[in-house]
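Working notes for the structure below.
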Amino acid sequence: MIVRSLIGTLTATIALTSGALAADGPIDFNRDIRPILSNKCLFCHGPDEAERKADLRLDVRDDALDASKGYAAIVPGNPDESELIYRVESEDDLDVMPPPSVANPVTEEEAELLRRWVEQGAEYAVHWSYAKPERPDLPEVSDPSWPSNPIDHFILDRLHAEGLAPSPEADRATLIRRVALDLTGLPPTPEQVAEFLADPAPDAFERLVDRLLASHSYGEHQARLWLDLARYADSAGYADDPSRTIWAYRDWVIDAFNANMPFDRFTLEQMAGDLLPDPSESQLVATAFHRNTMTNSEGGTDDEEFRSAAIVDRVNTTMTVWMGTSMACAQCHTHKYDPISQVDYFRLYAILNNTADADLRDEAPLLPLFTEEQLAHKAEWEQEAASLRETLATATPELKEAQHDWERAVLAGEEPFPDAPKVPEPILEILRVDASERSDEQAKQLADHFLGVTPLLQAERSRLAELKGKLAPHTTVPIMRELAGDDRRTTRVQLRGNYLDLGEEVAPGVPESFHPLPDGAAPDRLSLARWLVADENPLTARVVANRCWEQVFGQGLVPTGEEFGSQGEPPTHPELLDWLATELVRTGWDLKAFFKLLVTSSTYRQSSRVDPDLLERDPANIFLARGPRFRLSAEMIRDQALFVSGLLSPQMHGPPVNPPRPATGLNAAFGSAIDRETSTGQNRYRRGLYTEWRRTNPYPSMTTFDAPNREVCTVRRERTNTPLQALVTLNDPVYVEAAQALARRMVREGGETADDRIRRGFQLCLARDPSEAEREHLLALVEDARLAFSGDPEAALAMATDPLGPLPEGAAPDELAAWTVVANVLLNLDEMVLKR
Amino acid sequence: MDPRTERLQHVTRRHFLREMPAGLGAVALASLLNDGAQARDRSSGDPMALRPPHFAPKAKNVIYLHMSGAPPHLDLFDYKPALVKHSGQDCPDRFLEGRRFAFTSGTPKLLGTPRTFAPRGESGIWMSDAIPRLHDVADEICLVKSMYTEQFNHAPAELLLFTGSPRQGRPSFGSWVTYGLGSESQDLPGFVVLISSGVQPSAGQGAWGSGFLPSVYQGVQCRSKGDPVLYVSDPPGMDRSLRRRSLDTLNELNALQAEELGHPETSTRIAQYELAYRMQMSVPEVMDISRESPTTIDAYGAQPGAASFANNCLLARRLVEQGVRYVQLFDWGWDFHGTGPGEDLRDGLTNKCATMDRPVAALIKDLKARGLLDETLVIWSGEFGRTPFREGRTSGGNILGRDHYPDCFAIFMAGGGVRPGYSHGETDELGFSIVEKPVHVHDLQATILHQLGFDHERLTYRFQGRDFRLTDVHGHVVDELLA
């Protein structure tokens, strides 16, 4: 088998070891049996009627036990009478199931599990994630002094069962860097570190967490993660990938996180803000969530095809983001493993199929947005503009007089208004007609033309142009707008997912195997949004809790955060997941409180140090006998380098920016040049989330660190470790510039001795002092580098200033060049690109 | 010796290894640095570690030559004397009913080729006079005249060809191949993309993206201007010895971390920095075609320092020689609508082909001469075909052009265990539909994967609860194309 995912297989194996294999214990259907049925049987004997063979269905107990043909697939308590057991154990090529041609045999261990399951009565259970989470009691723990909060009870209980023990708490410097990166995406400043280290109060850590949660950087960091789910980009996608103006939505997300908008509200506004009573401007902006789908404006394409593709994407994204349920299969056929039919799919499609957007190049419908200044003056400006328009259209006696003079002059071949454009031919023609012979229409045209060019009204015209500029929207954002009346579309099943091949008509609704919409609720987006966050929904709270967990611990309690269905992996700590899900709902979907809960646990605060035994036992840190440690995201690595060097701009919000990127010299197909002008001033140094996100030409260094292109919803980014990443942080001018600025900062703030400067560099970058050995190595490096540059002033100058710019007054180039080499090493440390 | 140089050279990698603290980090590191291959194991986190395919492969490497825009197959490979005979007549309704064409409506005029055709080589494969140098390799190539697709716009058709789906978001061919096989090369990317004629293909980076596969499997674009691979040059002012010296310090500090915290990923990172260091040398070296003999450079029609398809063909050979798994070339300018003299089927096509047939023929001969053709599969294609009638917009002018046509087109392959000197499939006498042995784009993909040792139905990746594959839910290996 080819690797399913870089971490997936490993975790599956580990989770199994604690299953029923070892002992004769009771079989758990969801843990032991469902994966076998799902992977080996249900493709032909599952929910999909079209694929079903021998009219046998194994995912429903009644069907599996049905003996109306004289025998039954399963006879509870009697494996030897069960056709299923005979078939999977058979050595006869003609009888054995799955058939040898499928090349997916049931293993001996699996056959044994099936046999024991039938022996024990072949009890089925609803797939764990489709049953509503029940709040479990906290397990009693062996060491009551260790837990800081309920999370730790579950973790410690499991560690105990596995014969493992937790690690000691990480030191404070490590902790503050870890938690600052997790909550804000930025490392702490040396001043924040000093404040925390000097705080003797028992709740020092909690108060630190509160400070971090209250900073604006929190919302920016959380937004970055949400924008992967929302497939936010500043371009429309497909071949020519034109720019799209939708950054107001990105800013809405940042502000919503910073305001700690409850997640259920956050859901309603994005899914259906326009359908809320008397929606505010901000609620309309929120609906751009589903306008992040791609639009195709290549010549010769069918808009309906791509409008339909966008609705498909909205169905898939909605179910993935909120319910961890992949619907993609059911677009073309009834799901083979989970109880979702193709009709179910198009029920959801029908709910989302009635908005006004239609794959148009102009992205209509758009919401114009105005600044506060504009809004404050809007009425006054509009009034002034109206009165100016009237003035400009009114021929006073004085103007009539002036018009006569102008007419005479023009007819005499003069140019009375040399600054105005040449008198156009149609006007000249009217002029040549005798004044008394002109029709009313001609007279009006002539007067209008005159009023439009006469210098007597120049001041009014200029002012009107100015007002038009002031009244123009500051920006626009594509939004959802529900169609009404005859414009509403009917939805039909698209056979094999083809938008031209239509089957039966489908009424809007939710998948039948889930909880229904409330009685009397209109089957629209607003009801769907409420359904997603309803108390009866078994999935949403688990999915959200799991995603927050994954963000902080590196891996979800359900390792496949995008798939909670039977094809996903089961939770490693099912009770903990359910406790967290119920806690999230109990606190009113308060995300800041939820993150605080996670990071103040003893589990989170453990040291991430690992010894070879533990590493061999639990390489992926499933059981959490140590603290989390993993590579930072693309944006975090960039933001951190700019932050520690003092370059990062604190500016929030606004249009996307273009930090330096290498020129390609290429054009897009049938389009314009791909390269962009580099932003200047502060915009060169903004946080990564403000970088213009172009789907077909993503910012290269971010791609290298596993940022997706955001064509579709991304739940989980991979974390690879490649040589191309080394080239970015060593040589990309963005990182060289950061090294130069960091070097100047180390020299400026560190003090006179090399020791002090190295210490300052460590404090800025890693929130700690260097060890003796680290200091020695860097001292040797700076000495060697200084030596190398002392004979080569040109190289020294380049190293210290290209691209950052001129040296501070009085600075020696070889000195700063040498420190730039040191700073370049610091920015590339393993510890630097990791949270640990 | 200059004392500075001496001091720098003193602190070499070996020295660093000798001086390093003993323990887990040091041992792991020593094995990484001394024997890269030993550490190239995916469980240790190297996603490019070699892995075996499903069965013994015929080909190890792929060079895919893509003519962006779709070359006029009826003027290059698929000779239709009857179309010449009826040239200028109204296109019969039966070929137009219920059809949409990108830029043609109403009743267009049939267009017989203005080119001269003849059987070429001992195998007698028919080719036109537009590609004289390819006549010399007629006995090496495996021509498929019965290709078809469903997409008649460039971007979706290229995406279908390279990712198996007409929409963005799926992994590309080269990503699947490097994901499946890993990379032979220790100091070059496994999947390299080379672009000529100044314009990206219509599918954009989606044509070499990794989709939902880890991004490490996406194609690395090598550029003819600036850094051949992004950020491969040291920053201004830093020479190689100082880079080496600073990397040594970096390794030393990272080794201390590995020692203290015991995470194997740190050792992997050290190894990746060493690989990056080697790439800094090997990439500019392999990209420098001036190292080739004048005879070879001339055979390809390449020009050191320029940016051209010919240079890219020569580079492709250099890259596979160095163990690069999959080299993808895109050349812009094959969209022969007839909207300008460059898109005319007479002189325009002659001129465009002159930039293509010489390097392609040279590449095939060169690979053969070096014993690389057996293990290297060369593929030449467009994303669809062109109509047997004149394009609607340009039909009134003097310039002869054709519209997009998905129902029939021609591609060829060479080497990598495909049947040489063979012509596969036939279209009807006017070239409107396939009458013999149709080959869908998914069949081509299945066949190429087969040559690399994969069962295309088993090369899968789980995403959003589904096992995805390059051929989606389609595709059959075309056995007749295999030697």
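Throughout, read-outs are computed from the coordinates displayed, never taken from laboratory work. Since the structure is predicted, the reported quantities are computational estimates derived from the model, not experimental observations. Every residue, glycine among them, receives a Cβ derived from its backbone with ideal geometry; neighbour counts consider all protein chains shown.
Helix-only estimate, please: 222 nm mean residue ellipticity of chain A, summing -39500 (n - 2.57) across DSSP H runs of length 4 or more and dividing by its residues, to the nearest 500. Could the numbers behind the result be given before it?
On the way: 35 runs with 387 residues, N = 836.
My calculation for chain A gives -14000 deg cm²/dmol from helical runs alone.
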Expressed as a whole-number percentage, the relative contact order of segment B:265-420 with C-alpha contacts under 8 angstrom and at least six residues apart is 20 percent
With a Förster distance of 22 angstrom and the Cβ-Cβ distance between A:Leu456 and A:Ala379, calculated FRET efficiency to the nearest 0.05 equals 0.15
Most exposed first, judged by fewest Cβ atoms within 10 angstrom, A:Thr582, B:Thr394, A:Thr696 run A:Thr582, B:Thr394, A:Thr696
Along segment A:81-92, Karplus-curve 3J(HN,Hα) (6.51, -1.76, 1.60; θ = phi - 60°) to the nearest Hz, with x for Gly and Pro, reads 8, 8, 4, 4, 5, 4, 5, 6, 8, 4, 9, 8
The simple spin-label model distance between A:Glu49 and A:Glu441, using points 7 Å out along Cα→Cβ, in nm, is 6.6 nm
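Please give the FRET efficiency for A:Asp802 paired with B:Ser290, using the beta carbon to beta carbon distance and R0 = 30 Å, rounded to the nearest 0.05.
Values: r = 28 Å, r/R0 = 0.92.
E(calc), rounded to 0.05, equals 0.60.
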Going from the fewest other Cβ atoms within 10 Å to the most, one would list B:Thr149, B:Thr471 as B:Thr471, B:Thr149
Calc'd 3J(HN,Hα), segment B:346-355, phi into Karplus 6.51 cos²θ - 1.76 cosθ + 1.60 (θ = phi - 60°), Hz, glycine/Pro = x, comes to 9, 5, x, 5, 4, 5, 5, 5, 5, 7
Rounded to one decimal in Å, the inverse mean reciprocal Cα-Cα distance for chain B, i.e. its Kirkwood radius, is 24.1 Å
With bins of 10 Å, the percent of all Cα-Cα pairs of segment A:569-708 per bin from 0 is 9, 25, 25, 24, 14, 3
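How do A:Ser326, B:Ser290 rank when sorted from fewest to most other Cβ atoms within 10 Å of their own Cβ? Could the numbers behind the result be given before it?
On the way: A:Ser326 26, B:Ser290 10.
Lowest count first: B:Ser290, A:Ser326.
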The rounded separation in angstrom of the Cα centers of segment B:283-347 and segment A:494-552 is 52 Å
Taking the dipole of segment B:346-483 about the Cα centre (Lys, Arg +1; Asp, Glu -1; charges at Cβ), the one of B:His450, B:Ile379, B:Phe468 that reaches farthest to the positive side is B:Ile379
A correct Karplus calculation of ³J(HN,Hα) over segment B:79-93, with 6.51 cos²θ - 1.76 cosθ + 1.60, θ = phi - 60°, whole Hz and x for Gly and Pro, returns 7, 10, x, 5, 5, 5, 4, 9, 4, x, 7, 4, 5, x, 4
Residues of segment A:327-351 with backbone N under 16 Å of the label point set 7 Å from the Cα of A:Asn104 along Cα→Cβ are A:329-330, A:333-339
One finds, for A:His474 and B:Asp136 with R0 = 56 angstrom and r their Cβ-Cβ distance, a FRET efficiency to the nearest 0.05 of 0.30
For segment A:731-828, the dipole about the Cα centre with charges only on Cβ (Lys and Arg +1, Asp and Glu -1), to the nearest 20 debye, works out at 340 debye
Computed about the Cα centre, the charge dipole of segment A:529-639 from +1 Lys/Arg and -1 Asp/Glu charges at the Cβ has a magnitude in debye, to the nearest 20, of 460 debye
In units of 2.2 N^0.38 Å, the Cα radius of gyration of the protein assembly as shown is 1.01
So the pair-distance distribution of segment A:343-397, from every Cα-Cα distance in 10 Å bins, comes to percents of 18, 20, 21, 20, 13, 6, 2, 0
Which residues qualify? For A:Leu834, with a placed amide H closer than 5 Å and at least 5 residues away or on another chain, they are A:Leu632
Taking placed amide H atoms and a strict 5 Å upper bound, the residues 5 or more places from A:Leu367 or on another chain that come that close are A:Val477, A:Ile479
Nearest 10, in degrees from 0 to 90: the angle of helix A:204-214 to the longest Cα principal axis of chain A is 40 degrees
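Could you give the length gained by full extension between A:Ala780 and A:Arg617, i.e. 0.36 nm per residue of separation minus their alpha carbon distance, to one decimal place?
Result for the pair: 54.8 nm of gain on full extension.
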The Rg/Rh figure for segment A:461-618, Cα atoms and Kirkwood Rh, to two decimals is 1.15
Summing -39500 (n - 2.57) over every DSSP H run of at least 4 in chain B, dividing by its residue total and rounding to the nearest 500, the 222 nm mean residue ellipticity is -9500 deg cm²/dmol
Among B:Gly392, A:Leu352, A:Trp381, the residue whose Cα sits farthest towards the positive end of the charge dipole of the protein assembly as shown (+1 at Cβ of Lys and Arg, -1 at Cβ of Asp and Glu, taken about the Cα centre) is B:Gly392
With bins of 10 Å, the percent of all Cα-Cα pairs of segment B:251-355 per bin from 0 is 12, 27, 22, 18, 11, 6, 3, 0
Taking alpha-carbon centroids only, segment A:212-245 lies from segment B:117-158 a number of Å equal to 46 Å
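Can you tell me the dipole magnitude for chain A around its Cα centre, using point charges on the Cβ only (Lys, Arg +1; Asp, Glu -1), in Debye to the nearest 20? Mind showing how you got there, number by number?
Values: 84 positive and 138 negative charges, 257 e Å.
Dipole size: approximately 1240 debye.
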Segment B:146-236 -> Rg/Rh from Cα coords, Kirkwood Rh, value 1.02
Out of A:Pro508, A:Ser462, A:Pro538 - ranked by how far each Cα lies towards the positive end of the dipole of segment A:460-541, with unit charges on the beta-carbon of charged residues - the top one is A:Ser462
When all Cα-Cα pair distances of segment A:451-516 are considered, the percent exceeding 19 Å is 69 percent
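Over segment B:363-483, what portion of Cα pair distances is larger than 26 Å, expressed as a whole percent?
Numbers: 2728 of 7260 pairs.
That fraction is 38 percent.
Could you pull out the pairs from A:Lys400/A:Lys468; A:Lys40/B:Lys58; B:Lys80/B:Lys109; B:Lys60/B:Lys365; B:Lys58/B:Lys437 whose alpha carbons sit more than 21 Å apart here? Don't jump to the answer; show the numbers that get you there.
On the way: A:Lys400/A:Lys468 27 Å; A:Lys40/B:Lys58 32 Å; B:Lys80/B:Lys109 15 Å; B:Lys60/B:Lys365 18 Å; B:Lys58/B:Lys437 23 Å.
Checking Cα-Cα distances, A:Lys400/A:Lys468; A:Lys40/B:Lys58; B:Lys58/B:Lys437 exceed 21 Å.
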Dividing the alpha-carbon radius of gyration of segment A:155-245 by 2.2 N^0.38 Å, where N counts its residues, gives 1.60
For segment A:362-444 (alpha-carbon point model, no solvent) the Debye-based log₁₀ I(q)/I(0) at q = 0.19, 0.20, 0.21, 0.27 Å⁻¹ works out to -0.94, -1.00, -1.07, -1.41
Under the 7 Å Cα-to-Cβ spin-label approximation, A:Glu206 and A:Ala161 lie apart by a distance in nanometres of 3.0 nm
